[in-house]
Amino acid sequence: MLTTLKQKVDPQHAALIVVDVQNDFAASGGVMDREGFDIRMAQEMVPHLVSFIEEAREAKVPIIYIQSVYDSEQNWYLSEVWMERVYRKTKSLYTQRDLCVKGSWGWEFYGGIKPLPNEVVVTKHRYSAFIDTDLDLILRSKNIKTLIMTGVVTNVCVETTARMGFMKDYYIVLLNDCCAAYLRHLHDTTLENIDNLFGQVVNAREVVRCWKEGY
């Protein structure tokens, strides 16, 4: 059993998960910006995440990037259930505005998030990065025990992936200053919920301190 933060984030068995830091979710002119969502929190967070990624690389912690892909024109991934929610809540997503279409500017990573050739990118089509992807296989193959969760949006894809990771028996460490939502209260409520039921919420400095102290 891993009982301390230092034990959990040991580079021997921890992986950094970077969720959906893509132009459509965080950039000015991206879909969420054009839909009227407040993207400022995401934009302010990303430089902190970029710095943390460099610290993870220095500590030799595996980094796995999660990248959403949808296809509005061919509708390969947009089910009836998915579209019912869209029509009820947003009206224009996937119809008037395509979201994260592979190869588009909106699909690309945002703000200095640039996977290296030896870093893994996992494609997902639902909120959870575990649903019908090879994420779990990658983690098990590398004997990963802990997921250090970051990215956007805190209360949607980051939270859903963290919850499912916990249910698959991974330790969850969520960085409160390396994830972001479009509404502050949803971000804060998610952090409280994760810390109470699904993992441990800390800031990036605490994790880096563990790595600097050595093992």
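Details
- Meets criteria (under 20 Å from the mean Cα position of the chain (by Cα), of a type outside the set (Val, Ile, Thr) and assigned to a loop (DSSP other than H, G, I, E, B)) for residue 36: no
- Yes/no for residue 31 being buried (at least 16 other Cβ atoms within 10 Å of the Cβ), within 25 Å of residue 139 (Cα to Cα) and under 20 Å from the mean Cα position of the chain (by Cα): no
- Search result, residues across the stretch 143-200 that are basic (Lys, Arg) and in a helix (DSSP H, G or I): 163, 184
- Residue within the stretch 39-56 that is more than 30 Å from residue 169 (Cβ to Cβ) and not in a helix (DSSP H, G or I) present: yes
- When 91, 114, 60 are checked against the criterion of being part of a loop (DSSP other than H, G, I, E, B), among the charged types (D, E, K, R) and modelled with pLDDT under 95, 91 stands alone in meeting it.
- Identity of the residue in the stretch 130-140, part of a helix (DSSP H, G or I) and farther than 26 Å from residue 208 by Cβ, that ends up nearest to the chain's Cα centre (by Cα): 136
The values are calculated or read from the model by the stated rules, or taken from the named source; none is laboratory data. Computed from a predicted model, the values in this text were never measured in an experiment. Cβ: placed from backbone, ideal geometry, glycine included. Neighbour counts: every protein chain shown.
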